[in-house]
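Presented below is the structure to which this report refers.
The values are calculated or read from the model by the stated rules, or taken from the named source; none is laboratory data. Bear in mind the structure is a predicted one, so any value in this text is a computation, not a measurement. Positions of Cβ are generated from backbone atoms using ideal geometry, with glycine treated the same way; all protein chains shown enter the neighbour counts.
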Amino acid sequence: MNVLVLGSGGREHAICWKLAQSTHITQLYVAPGNAGTSQVAINLDIQAEDFKAIKKAVIEHQITMVVVGPEGPLVKGIVDFFKGDKALASVGIVGPDMKGAQLEGSKDFAKKFMIKYSIPTASYASFTTKTVEEGKAFLKTLKAPYVLKADGLAAGKGVLIIDHLKEAESALEDMLCNAKFGEAGATVVIEEFLKGIECSVFVLTDGHSYKILPEAKDYKRIGVGDKGPNTGGMGAISPVPFCTPEFLDKVENRIIIPTIKGLRNEGIDYKGFIFIGLMKVGNEPYVIEYNCRMGDPETEVVIPRIKSDLLNLMEGVVTETLSECDLHVDERTASTVVCVSEGYPDAYEKGKEVKGLHRVEDAIVFHSGTKKTSTKIVTNGGRVFAITAFGHSIREATERSFGGAESIEYAGKYFREDIGKDLLLLEEKMKA
Ligand code: AMP
Ligand code: GLY
């Protein structure tokens, strides 16, 4: 089978790395990919949102399965595009259609969906330019801190958490009246602040049955101690010690099952990944957000823990036979540490030569923002590598990831040296 993966990050490298191990693969392609994906697949110079060029490549390379990595093409309707095109209608595509992708593409849609199906989430209200004053009045009814979310996709920057009422009021005005987040902020969701610890659960579904993939904890901020601006993610750990079997049971019964049933009830034929961002408040799970794709860098710990054939699972998704597929998971801990460019998440330079990749031992190097030139590998993004390692404990896994991150060299390299640190004590206490 010829398979095409869409995207160019560490998530897509991890997906390609795993698919390439499948015995059912004839040829694996990726568009556009990076220097790392070219080790396991053929990179096509096509952007993941260029539907016309993707169609041409699918026909030319006789591709029968497409796995969509990022949310952009999903929210823009790549699945609808395939289903509506005679030449592409028989191609299996892993990812939801435009309506399903609204789980991520519209926070207002996601909140309405959760309320309708009694899925636990923070209480909320939505406002538009016409209801700014009502929005301000609603803020007054809440306690600080105030959570304001741009409804649409805002490259992970659309959530504001603000301590003071006056600032929250002016931020609301900025979003609604001054288009702070452009179109994405034309509707704003204001919600109750939930105090707890965050983790993410990943689900693969064929629209009827589902598999719960390993959970993960992501480290979102740039600085040690989770300080400083938000990033796409600086590292991840799986499994998460505080996700006990009892807690995951609640997640399955109160969140996953109602979500799958709700989607079906809405007439949405959801085939793909659902990323559920959770807040554990006391011992109770609340949904912070849905994403219609896998997380990055969470994929770099979740996928390596899957022992079963990923292509077989993808086939199960597109042929609605997921219930017949096996899902075996490695019991060990996986950690990933992300090496970024100096300046990230603000402005950074690209094109720095990378050295030392061959020195990495006991770890897998997933490329995020890299490019191959005729003679070398150079940096090509804010997040450059995700270094994944296994261990029998978080300590062992992260030490290996840090070792790998230290071996790699490029000007301005930075990584967080505290990935997993907050979980070490908890893990040791639980094992004692
Ligand atoms: P989101 O883009 O919805 O995942 O939000 C980004 C981050 O904001 C989350 O990962 C949380 O850390 C935080 N956040 C979002 N919603 C809430 C909430 N209701 N209460 C507390 N923190 C939140
Ligand atoms: N790491 C968070 C995300 O992929 O959205």
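When the residues of segment 91-109 are narrowed to those that are among the small types (Gly, Ala, Ser) and modelled with pLDDT of 95 or more, which ends up nearest to Ala150 (Cα to Cα)?
First pass over segment 91-109, keeping only residues among the small types (Gly, Ala, Ser): 92, 95, 100-101, 105-106.
From what's left, modelled with pLDDT of 95 or more: 92, 95, 100-101.
Values: Gly92: 32, Gly95: 23, Gly100: 19, Ala101: 16 Å.
Filtering segment 91-109 for residues that are among the small types (Gly, Ala, Ser) and modelled with pLDDT of 95 or more, the one nearest to Ala150 (Cα to Cα) comes out as Ala101.
Taken over segment 222-280, the residue count meeting the criterion of being within 16 Å of ligand 2 (Cβ to nearest atom), surrounded by fewer than 19 Cβ atoms within 10 Å (Cβ to Cβ) and assigned to a loop (DSSP other than H, G, I, E, B) is 1. Could you tell me which residue of segment 108-127 is surrounded by the most Cβ atoms within 10 Å (Cβ to Cβ), considering only residues that are away from ligand 2 (no atom under 16 Å from the Cβ), under 21 Å from the mean Cα position of the chain (by Cα) and within 20 Å of Glu183 (Cα to Cα)? Across segment 108-127, the extreme among qualifying residues is Lys111.
So is Ile212 farther than 25 Å from Tyr344 by Cβ, part of a loop (DSSP other than H, G, I, E, B) and either aliphatic (A, V, I, L, M) or away from ligand 1 (no atom under 14 Å from the Cβ) (or both) or not?
Numbers: farther than 25 Å from Tyr344 by Cβ: yes; part of a loop (DSSP other than H, G, I, E, B): no; either aliphatic (A, V, I, L, M) or away from ligand 1 (no atom under 14 Å from the Cβ) (or both): yes.
It is false that Ile212 is farther than 25 Å from Tyr344 by Cβ, part of a loop (DSSP other than H, G, I, E, B) and either aliphatic (A, V, I, L, M) or away from ligand 1 (no atom under 14 Å from the Cβ) (or both).
Going through (1) modelled with pLDDT of 95 or more; (2) more than 22 Å from Ile260 (Cα to Cα); (3) surrounded by 17 or more Cβ atoms within 10 Å (Cβ to Cβ) one by one, Ile59 falls short only on (3).
Only one residue in Leu148, Leu139, Leu160, Leu194 is farther than 29 Å from Phe81 by Cα, part of a strand (DSSP E or B) and at pLDDT 90 or above, so which one is that? Even if it seems obvious, please write down each step before you answer.
Details: Leu139 fails: part of a strand (DSSP E or B); Leu160 fails: at pLDDT 90 or above; Leu194 fails: part of a strand (DSSP E or B).
None of the others qualify; the one that does is Leu148.
When segment 181-221 is limited to residues that are among the small types (Gly, Ala, Ser) and over 23 Å from Gln102 (Cβ atoms), the one that is nearest to ligand 2 (Cβ to nearest atom) turns out to be Ala216.
Based on this model, can you work out whether Ala154 counts as within 16 Å of ligand 1 (Cβ to nearest atom), out of contact with any strand residue (DSSP E or B) (no Cβ under 8 Å at 6 or more places or on another chain), at negative phi and without any contact (Cβ under 8 Å) to a residue 60 or more places away in the chain?
On the way: within 16 Å of ligand 1 (Cβ to nearest atom): yes; out of contact with any strand residue (DSSP E or B) (no Cβ under 8 Å at 6 or more places or on another chain): yes; at negative phi: yes; without any contact (Cβ under 8 Å) to a residue 60 or more places away in the chain: yes.
Against the criterion (within 16 Å of ligand 1 (Cβ to nearest atom), out of contact with any strand residue (DSSP E or B) (no Cβ under 8 Å at 6 or more places or on another chain), at negative phi and without any contact (Cβ under 8 Å) to a residue 60 or more places away in the chain), Ala154 qualifies.
Considering (1) more than 25 Å from Glu298 (Cβ to Cβ); (2) part of a helix (DSSP H, G or I), the lone condition that Val188 does not fulfil carries the number (2).
Number of residues in segment 128-160 that are surrounded by fewer than 18 Cβ atoms within 10 Å (Cβ to Cβ) and within 16 Å of ligand 2 (Cβ to nearest atom) equals 4.
Annotation for segment 26-45: no member residue is of a type in the set (Gly, Ala, Ser) and closer than 19 Å to Ile274 by Cβ. Considering segment 107-123, and only residues there that are small (Gly, Ala, Ser) and within 14 Å of ligand 1 (Cβ to nearest atom), the residue that is nearest to Gly152 (Cα to Cα) turns out to be Ala110.
For segment 289-326, residues that are within 16 Å of ligand 1 (Cβ to nearest atom) and surrounded by fewer than 21 Cβ atoms within 10 Å (Cβ to Cβ) total 1. Of everything in segment 8-40 that is polar (S, T, N, Q) and in contact with a helix residue (DSSP H, G or I) (Cβ under 7 Å, 6 or more places away or on another chain), the residue that is surrounded by the fewest Cβ atoms within 10 Å (Cβ to Cβ) is Ser22.
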